[in-house]
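Data first, discussion second: the structure below is written as structure tokens.
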Amino acid sequence: MRLINILDVEVGSKIAKPVYDSKLSLLINKGATLSEPLLNKLKQADIRHLYIEDELSKGVILEPLISDEIKLQAFVIMKNIYESQMEKDERVAENVRESTIRELKDLIDDIITEIYSKNELKYYSTELMGAEMYHYNHAVEVMILSLLIGKKMGLDRERLLKLGMGSVLADIGKSKVPSEILNKKGKLEPAEFEEMKRHVEYSYHILKDLVGLSSLSRQIVLLHHEKLDGSGYPNGFQGDQIPLLVRIATVCDIFSAIVSDRTYNNRISVDTAIEILRSATPAKLDQDVFGTLLQVVDIYPPGTLVEIGDGKYGIVIRSNLNSPTRPILKIIGGNAELDGYEEIDLMEELTLFIKKVIPKLP
């Protein structure tokens with residue numbers, strides 16, 4: 001199984017993971033054979049990537065740390081919350097919000113339980129839907145990453161729950177930002193950026209009177225765009241003025257945004273995202289949080305195509321738990337023939353290095 005850009009997939013490919021549309025209805029199921037009409041349907045739904053089974057990825061197993069079923073439940077809840085805030089009738093928005101927040105809290109508790117039960121696995125994001133679902137997907141990804149980092153940094157279960165609630169709800173105020181600003185391609189004008197920044201205030205206002213939502217969760221909602229050097233917003237806080245839980249959510253928010261498909265931008269590889277965050281650490285981002293991120297995410301998830309130099313390429317078969325930059329590869333010669341694969345462990349072949357992630361074989 002491997003993740004492939006929809007522009008590179010061929011008709012006749014076998015689908016390895018189900019894909020859902022913007023209504024969270026099943027668009028294409030696991031095991032289906034891709035036809036031309038179905039491929040066009042996926043493109044129309046703004047599906048950028050999908051998982052396939054092919055000879056190249058034979059033997060590659062993707063075992064998600066958080067099950068797709070639980071993630072879909074979280075998507076449904078977040079979609080309901082976002083859409084409730086778009087209602088013109090504020091009384092409707094209030095009723096939907098109160099009923100779904102309790103459900104969200106229970107689900108986050110289940111996710112924490114799942115995290116505790118899978119200490120040996122690292123996290124990678126699974127693609128389940130199109131770029132137009134980015135805001136719901138992003139909220140869930142930030143929440144999961146925050147919980148993983150928080151657990152690794154020693155937070156107890158009660159603080160983890162507060163961290164999860166704050167991080168998943170942090171961008172709910174984007175439901176109040178005009179769509180032409182929210183989904184604009186290219187750089188925002190100064191006035192547009194000021195409106196975008198107001199989403200943290202919108203989020204806080206939506207949630208400030210919510211029964212059962214802790215002050216720590218609301219802190220995350222309001223402050224998750226603050227930076228350690230004072231360059232963030234809305235208050236320009238610096239250093240110790242920014243609580244640890246907020247710092248965790250900030251790193252996860254930036255990381256998830258970079259590695260996700262959005263309506264106005266395509267994802268970049270995890271290893272490149274790591275380097276972008278590294279350049280902002282420790283001036284803007286917390287050094288300890290960034291270091292912990294490196295411990296919990298899979299930098300080269302199974303199925304990733306890589307260039308290793310000397311005209312050779314490889315596909316990641318599995319990761320080395322204690323050395324995330326040196327996974328186990330199936331080596332492919334420069335002519336990209338599929339016969340005669342050689343499997344190597346980069347922990348044992350110390351003269352070989354991954355040069356870069358590639359979207360497809362040359």
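In this simple spin-label approximation, residue 26 and residue 7 carry label points 7 Å from Cα along the Cα→Cβ vector, and these lie 3.1 nm apart. Among the listed pairs 58/122; 58/184; 105/227; 71/162; 14/184, those with a Cα-Cα distance over 30 Å are 58/184; 14/184. Every Cα-Cα pair of region 269-333 was included, and the share exceeding 17 Å stands at 48 percent.
Top mean-square fluctuation among 350, 72, 305, Gaussian network model of the chain, C-alpha springs under 10 Å? Fluctuation is largest for 350. For region 10-62, applying the loop criterion from DSSP together with a ceiling of 13 other beta carbons within 10 Å to the GluC sites (Glu not before Pro) yields 10, 55.
Amide H contacts under 5 Å for residue 213: none, restricted to partners 5 or more places along the chain or on a different chain, H placed in the peptide plane at 1.01 Å from N. So what's the net charge close to residue 344: Lys and Arg +1, Asp and Glu -1, counting the other residues with Cβ under 11 Å from its Cβ? Result for the local shell: -2. Measuring nothing but protein heavy atoms, the accessible surface of region 118-222 at 1.4 Å probe radius is 50 percent carbon and sulfur. At q = 0.19, 0.20, 0.21 Å⁻¹ the log10 of I(q)/I(0) for region 15-55 amounts to -0.50, -0.56, -0.62, computed by Debye summation with a single uniform scatterer per C-alpha, solvent ignored.
Computed from Cα atoms, the angle from the helix 90-117 axis to the main principal axis of the chain rounds to 50 degrees.
Between 74, 280, 249, the GNM of the chain built on Cα springs shorter than 10 angstrom shows 280 fluctuating the most. The length gained on full extension between residue 342 and residue 280, counted as 0.36 nm times the residue separation minus their Cα-Cα distance, comes to 18.5 nm.
Please calculate how many Å² of accessible area region 238-290 carries per residue, with a 1.4 Å probe and no DNA, RNA or ligand atoms counted.
Value returned for region 238-290: 41 Å² of accessible area per residue.
Positive contributions from Lys and Arg (+1) and negative ones from Asp and Glu (-1), summed over other residues with Cβ under 13 Å from the Cβ of residue 327, come out at -2.
Largest GNM mean-square fluctuation among 42, 34, 160, using the chain with Cα springs under 10 Å: 34.
For the chain, which span is the longest to avoid every loop-located (per DSSP) member of chymotrypsin sites (Phe, Trp or Tyr not before Pro) having at most 14 other Cβ atoms inside 10 Å? With chymotrypsin sites (Phe, Trp or Tyr not before Pro) excluded where exposed in loops, the chain gives 1-263 as its longest stretch. Sequence-ordered 3J(HN,Hα) estimates for region 136-144 from the Karplus curve with 6.51, -1.76 and 1.60 and θ = phi - 60° stand at 6, 4, 4, 4, 5, 4, 4, 4, 5 Hz, glycine and proline given as x. Computed from Cα atoms, the angle from the helix 287-296 axis to the main principal axis of the chain rounds to 50 degrees. Could you give the angle, 0 to 90 degrees to the nearest 10, between helix 244-258's Cα long axis and the longest principal axis of the Cα atoms of the chain? Tilt of helix 244-258: around 50 degrees.
Distance from the alpha carbon centroid of region 6-32 to that of region 140-180 works out to 28 angstrom. Kindly provide the trypsin sites (Lys or Arg not before Pro) of region 154-199 that DSSP labels as loop, not H, G, I, E or B, and whose Cβ sees at most 13 other Cβ atoms within 10 Å. Passing sites in region 154-199 are 185, 187.
The GluC sites (Glu not before Pro) of region 276-362 that meet both conditions, a loop assignment by DSSP and at most 13 other Cβ atoms within 10 Å of the site Cβ, are 337, 348, 349.
Residue order by solvent-accessible surface for 152, 208 is 152, 208, largest first, with ligands and nucleic acids left out and a 1.4 Å probe.
A simple count of charges around residue 122, restricted to other residues whose Cβ falls under 12 Å of its Cβ and scoring Lys, Arg +1 and Asp, Glu -1, yields 0. Coupling constants for region 297-306 follow from the phi torsions by the Karplus curve (6.51 cos²θ - 1.76 cosθ + 1.60, θ = phi - 60°), and in residue order they are 9, 8, 5, 10, x, x, x, 6, 8, 9 Hz; glycine and proline get x.
Highest average first, the peptides 56-64, 107-115 ordered by how many other beta carbon atoms sit within 10 Å of their residues are 107-115, 56-64. Determine ³J(HN,Hα), in whole Hz, for all residues of region 196-210 in sequence, where each value follows from phi through the Karplus function 6.51 cos²θ - 1.76 cosθ + 1.60 and θ = phi - 60°; x replaces Gly and Pro. With the stated coefficients, region 196-210 comes to 4, 4, 5, 4, 5, 5, 4, 4, 4, 5, 4, 9, 4, 9, 5 Hz.
The values are calculated or read from the model by the stated rules, or taken from the named source; none is laboratory data. Predicted, not measured: the structure shown is a model, and the values here were computed from it. Backbone-built Cβ (ideal geometry, glycine too); neighbour counts: all protein chains shown. Ligands, DNA and RNA are stripped out before the accessible areas are found, and what is left, the full protein with its side chains, is counted by its heavy atoms. Shrake-Rupley method; radii C 1.70, N 1.55, O 1.52, S 1.80 Å.
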